[in-house]
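The values are calculated or read from the model by the stated rules, or taken from the named source; none is laboratory data. On a predicted model such as this, the values are computed, not experimentally measured, just so you know. When we count neighbours, we look across all protein chains shown, and the Cβ atoms used for this are built from the backbone with ideal geometry, even at glycine. Please note that ligands, DNA and RNA were not included when accessible areas were found on the heavy atoms of the full protein model with its side chains. Shrake-Rupley method; radii C 1.70, N 1.55, O 1.52, S 1.80 Å.
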Amino acid sequence: MNTAQPTSTNAFQPDVFQPYVFQPYATTLLRVALGVMALAHGLLKVLVFTLPGTVAYFESLGLPGFLAYLTIAGEIGGGLALILGVYTRWVSLAMIPLLLGAASVHLGNGWMFSNAGGGWEFPVFWALALLVQAGLGGGRFSLTDRSR
């Protein structure tokens with residue numbers, strides 16, 4: 001993160017446009033958006049597909065049923081942790097295998113997520129966004145991150 005103080009008095013580039021002003025807030029926006037998406041996906045598996053339905057789906061893919069519970073816990077717990085800014089770097093890294101697992105399930109469906117059965121573009125992009133978040137830290141309004 002650039003922590004340099006403003007040096008320009010150029011009227012066409014006011015200090016408000018310097019990266020050190022907006023970067024922490026942009027980092028926070030990314031963190032909260034990733035957290036909301038993870039929480040929504042976890043709750044979808046519980047409230048819409050139901051726990052037995054999600055377990056059955058995982059088993060239909062040839063995966064052990066207990067992975068459904070781990071995935072749901074990772075999505076809900078990780079989503080809440082990201083929203084609150086709790087150990088953002090570690091949580092982001094821990095969630096990447098969930099998304100790579102989702103991508104592997106969708107590999108045979110092609111690239112576009114709008115394909116029948118969903119493609120692998122969205123989970124791979126989400127995993128890369130989590131990697132970026134891990135590199136950036138928690139941004140502003142984080143409970144445990146001090147990477148400002």
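General remarks:
- Debye-sum result for region 23-148 in log10 I(q)/I(0), which assumes one identical scatterer on each alpha carbon, at q = 0.13, 0.14, 0.16, 0.21 Å⁻¹: -0.53, -0.60, -0.77, -1.15
- Net dipole in debye of region 57-148 [+1 Lys, Arg Cβ; -1 Asp, Glu Cβ; about Cα centre; nearest 20]: 440
- Prolate/oblate/rounded call for region 25-74, Cα gyration tensor, a/c under 1.5 rounded: prolate
- Centre-to-centre, using Cα atoms only, region 71-119 and region 31-70 are separated by 10 Å.
- The relative contact order of region 91-144, computed from alpha carbon pairs under 8 Å that lie at least 6 residues apart in sequence, is 35 percent.
- Residue 57 contributes about 110 Å² of solvent-accessible surface, heavy atoms of the protein only, 1.4 Å probe.
- Based on Cα contacts under 8 Å between residues 6+ apart, region 13-148 shows a relative contact order of 28 percent.
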